[in-house]
Each structure stands twice: as structure tokens, then as C-alpha cells.
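Written below as C-alpha cells is the structure these notes are about.
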Amino acid sequence: MVTIGVAVAIPEPWGSELQDYRTAIGDTTATQIPTHITLVPPTEVDAEAVPDVEQHLAQAAAVVDPFVVRLRGTGTFRPVSPVVFVAVAEGIAGCEQLAGAVRRGPLDVDLSFPYHPHVTVAHELDDPVLDEVFEDLSRFECRFDVDAFHLYVHDHQHGWQPTREFPLAERPVGQE
């Protein structure tokens, strides 16, 4: 069995900026988790099924148009979960459509919570640290085109590693 995840990578310079911030505030998991918007959470699959998963992801990518994401401000899942995140302010529908397309067939997984696209910036830290992160990143903002997503495989030594990129449909962002 292998543990996989599917996500939209946050491009540079913002991906490293948020990951470095996360590391600086003491979130030790940050060094093994590239900055991302989750589409399929960590899921165990048979290693022999990975080619079928990749084929499914390529098919899903082909039917979803590129879209724009704007990240702005912070949010939290507290008290349910000790998480602070950067909010998706634009592109929620695109993320939902993409997540719906990939979470079918071999990746038809049950979610513990309703899907809510976001970028985690602090997880399972003390409340004062979570409060600080919430305030520090409240003015964070960036905008980028989403024209692909990645399959990640978890490696026990190196964390989440992108193994394949799946380009979205060929239409440019903003054209129908």
C-alpha cells in the first residue's frame, strides 16, 4: 500500500513563503508538506493501482478548465480542528469542480468534513500560536492561475513528494 494525495500546488514565490512561515512558527510538519490546496486527502491505495489512479486523474484533468485562485486573509477550523488557514477568496467553484472530478472512480473517498478549499498554515499548535498566525497572515494575498494539479506520494523520510503533474483542459484561463 502507498499513501497518496491530490492537490493544487501553490506556485512560487508564495508556496515557499507560506511554507517558510509555517516552519518558522514551529509547525514541524511543514518541512514535509509542500504548500497546497487539497483535492483528495491522504488516501491509501494498492501500489499496483497507482497506474489506474493516474489514468483517472488524467481523464479528470481533461474535463476541467483552468481557473484563477486568489488567496486572501485567514480562517480557522477551531474549535473543531486546531487549524489556521489562508482562505481561498476567488476560485472556490473551480476548486470544488476539480475536487469533484478527481474524487470519483478509484478515488471516491469519504471525507471527514465537507470540502472547503484552503491552504493550511498552522496545524495542531498551541492556541496562542494559532492566534498569532491568524493575525500575522490576515493581510496575506496572492493571485495565480491554476492550470494543473499534482499527485503526491508520501515518503516516510522525505514527506509528500509530487510524482506527476496533470494539466487541465487546453482552454486558456478566462476563455470559454
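Structure data summary
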| quantity | calculated |
| --- | --- |
| Residue in the stretch 11-22 that is among the charged types (D, E, K, R) and either within 16 Å of residue 152 (Cα to Cα) or in contact with a strand residue (DSSP E or B) (Cβ under 8 Å, 6 or more places away or on another chain) (or both) present | yes |
| Of all residues making up the stretch 96-108, the number that are assigned to a loop (DSSP other than H, G, I, E, B) and under 17 Å from residue 150 (Cβ atoms) | 1 |
| Which listed residue, of 84, 80, is loosely packed, with under 13 Cβ neighbours inside 10 Å and in contact with a Phe, Trp or Tyr (Cβ under 8 Å, 6 or more places away or on another chain) | 80 |
| Single residue of 169, 87 found to be in contact (Cβ under 8 Å) with a residue 24 or more places away in the chain and within 22 Å of residue 42 (Cα to Cα) | 87 |
| Residue within the stretch 60-70 that is at negative phi, modelled with pLDDT of 95 or more and surrounded by fewer than 17 Cβ atoms within 10 Å (Cβ to Cβ) present | yes |
| Flag for residue 8 being at pLDDT 95 or above, part of a strand (DSSP E or B) and buried (at least 18 other Cβ atoms within 10 Å of the Cβ) | yes |
| Matching option when the condition is surrounded by fewer than 18 Cβ atoms within 10 Å (Cβ to Cβ), polar (S, T, N, Q), in contact (Cβ under 8 Å) with a residue 40 or more places away in the chain and touching a helix residue (DSSP H, G or I) at 6+ places or on another chain (Cβ under 7 Å), among 31, 35, 23 | 31 |
| Residue 57 crowded, with 20+ Cβ neighbours inside 10 Å, touching a residue at least 60 places away in the same chain (Cβ under 8 Å) and not in a strand (DSSP E or B) | yes |
| Residue among 136, 110 that is of a type in the set (D, E, K, R) and either touching a residue at least 24 places away in the same chain (Cβ under 8 Å) or in contact with a Cys (Cβ under 9 Å, 6 or more places away or on another chain) (or both) | 136 |
| Residues being surrounded by 17 or more Cβ atoms within 10 Å (Cβ to Cβ), farther than 13 Å from residue 123 by Cβ and touching a residue at least 40 places away in the same chain (Cβ under 8 Å) - total across the stretch 11-20 | 1 |
| Residue 65 being farther than 26 Å from residue 2 by Cβ, acidic (Asp, Glu) and either in contact with a helix residue (DSSP H, G or I) (Cβ under 6 Å, 6 or more places away or on another chain) or not in a helix (DSSP H, G or I) (or both) | yes |
| Enumeration of residues in the stretch 22-37 that are modelled with pLDDT of 95 or more and of a type in the set (Ser, Thr, Tyr) | 35 |
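The values are calculated or read from the model by the stated rules, or taken from the named source; none is laboratory data. None of the values given here were measured: they were computed from a predicted structure. For neighbour counting, all protein chains shown are included, and Cβ atoms are generated from backbone atoms with ideal geometry for every residue, glycine included.
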